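The values are calculated or read from the model by the stated rules, or taken from the named source; none is laboratory data. Given the structure is predicted, the values throughout are model-derived calculations rather than measurements. Cβ sites come from the backbone with ideal geometry, for glycine too, and all protein chains shown count toward neighbours. Calculation scope for accessible area: heavy atoms of the full protein, side chains included, ligands and nucleic acids excluded. Shrake-Rupley method; radii C 1.70, N 1.55, O 1.52, S 1.80 Å.
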Amino acid sequence: MDFLRPDTLAEALALKAQRPDVVPIAGGTDVMVELNFDHRRPPALLDLTRIAELRSWDVDGDAVRIGAGVPYTRIIDELGERLPGLAMASRTVGSPQIRNRGTVGGNLGAASPAGDTHPVLLAADATVEVASTRGTRLIPATGFYLGVKRNALEPDELITAVRVPATGAPQQFAKVGTRNAMVIAVCSFAVALHPVRQRVGAAVGSAAPTPRRASAAEEFLSAELTSTDQWESPKPLLDSVKRRFGDLVAQAASPIDDVRGSAAYRKHALAVLARRTLDWAWRDYAEKVA
């Protein structure tokens, strides 16, 4: 197995164009597990850790552009106020050692249905920036996940960044696991308020072949909040509204039975997570408006 170590993004893209079968590696928290268990044996690894432009973030208009090599620890420490949902999800990833190495770019590249950051990126209307020697393109998070561990990257492309709108509005993330830390999610859920657009983003993880938006739940709650003038004058949400929202979130999932939990349990848990996180986010929003 070859180990390629470019110093610049241009070098990395040239190598990917020459050898589309190379596997990119940044934190290595997913790739090394697959190698150690002999689940994958690529002809070469493309080490991206030397590329400085992948390890920075900046504000670009009303969005935060996070380089694909920025680790979870920095997202927690440096972007907690701008992107609260993503910081919450990052806190639930693995152990401190994993959070020091792992990246959102790697989470996107692996495209696991159970990836912790995926529901937040979907709920927040994030876009994925990818590049090749042919140029750069932006892929909406909603179109990035194609199947179990399959994404929309072309063979010669690398993920360079993710762009997440910084709305300044409350966001929440929660997941259920078999223990409190270092665990793959049984299911997960994210909700993001978008007051300027008067809509709500909601997405589920580890409950379908891909992370997915809960579109019917989004439409129901957005219409309910708008029709009752809640965005301008927020009031406590009715229990019936929260329960209906939770039911629609559960209906958006198509989970399986496996060693971590049954399909029925996942649907039940998602409904509970949706109600709770909505309540937390809406209380935060009401306090902010007040």
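Some observations on this one:
Conditions (1) within 25 Å of residue 204 (Cα to Cα); (2) touching a Leu at 6+ places or on another chain (Cβ under 7 Å), marked per residue:
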| position | (1), (2) |
| --- | --- |
| 43 | no, no |
| 51 | no, yes |
| 90 | yes, no |
| 96 | yes, no |
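- Taking every residue in region 112-128 that is in the same structural domain as residue 61 (by the TED database) and under 13 Å from residue 29 (Cβ atoms) and pairing it with any residue that is open to solvent by 10 Å² or more (accessible area, probe 1.4 Å) and not in a loop (DSSP other than H, G, I, E, B), at least 6 positions away or on another chain, the pairs with Cβ-Cβ distances below 6 Å are 115/107; 117/107.
- The residue of region 117-149 that is least open to solvent (accessible area, probe 1.4 Å), among those that are part of a loop (DSSP other than H, G, I, E, B) and touching a Gly at 6+ places or on another chain (Cβ under 7 Å), is 124.
- Residue among 286, 253, 271 that is farther than 20 Å from residue 89 by Cα, hydrophobic (A, V, I, L, M, F, W, C) and modelled with pLDDT of 95 or more: 286
- Taken over region 225-261, the residue count meeting the criterion of being free of Cβ contacts under 8 Å to residues at least 12 places away in the same chain, surrounded by 11 or more Cβ atoms within 10 Å (Cβ to Cβ) and more than 26 Å from residue 176 (Cα to Cα) is 2.
- Criterion (farther than 13 Å from residue 217 by Cβ and part of a helix (DSSP H, G or I)) met by exactly one of 249, 272: 272
- Test result for residue 79, touching a helix residue (DSSP H, G or I) at 6+ places or on another chain (Cβ under 7 Å) and either open to solvent by 30 Å² or more (accessible area, probe 1.4 Å) or not aromatic (Phe, Trp, Tyr) (or both): yes
- Residue match in region 42-49 (condition: loosely packed, with under 12 Cβ neighbours inside 10 Å, free of Cβ contacts under 8 Å to residues at least 24 places away in the same chain and over 24 Å from the mean Cα position of the chain (by Cα)): no
- Residues (within 24 Å of residue 277 (Cβ to Cβ), touching a Lys or Arg at 6+ places or on another chain (Cβ under 6 Å) and of a type outside the set (Phe, Trp, Tyr)) located in region 60-75: 63, 64, 73
- If you go through region 46-61 and keep only what is within 19 Å of residue 105 (Cα to Cα) and either in contact with a Pro (Cβ under 8 Å, 6 or more places away or on another chain) or not in a strand (DSSP E or B) (or both), you end up with 46, 47, 48, 49, 50, 51, 52, 53, 54, 55, 56.
- Residue within region 190-212 that is under 19 Å from residue 120 (Cα atoms), open to solvent by less than 20 Å² (accessible area, probe 1.4 Å), among the charged types (D, E, K, R) and not in a loop (DSSP other than H, G, I, E, B) present: no
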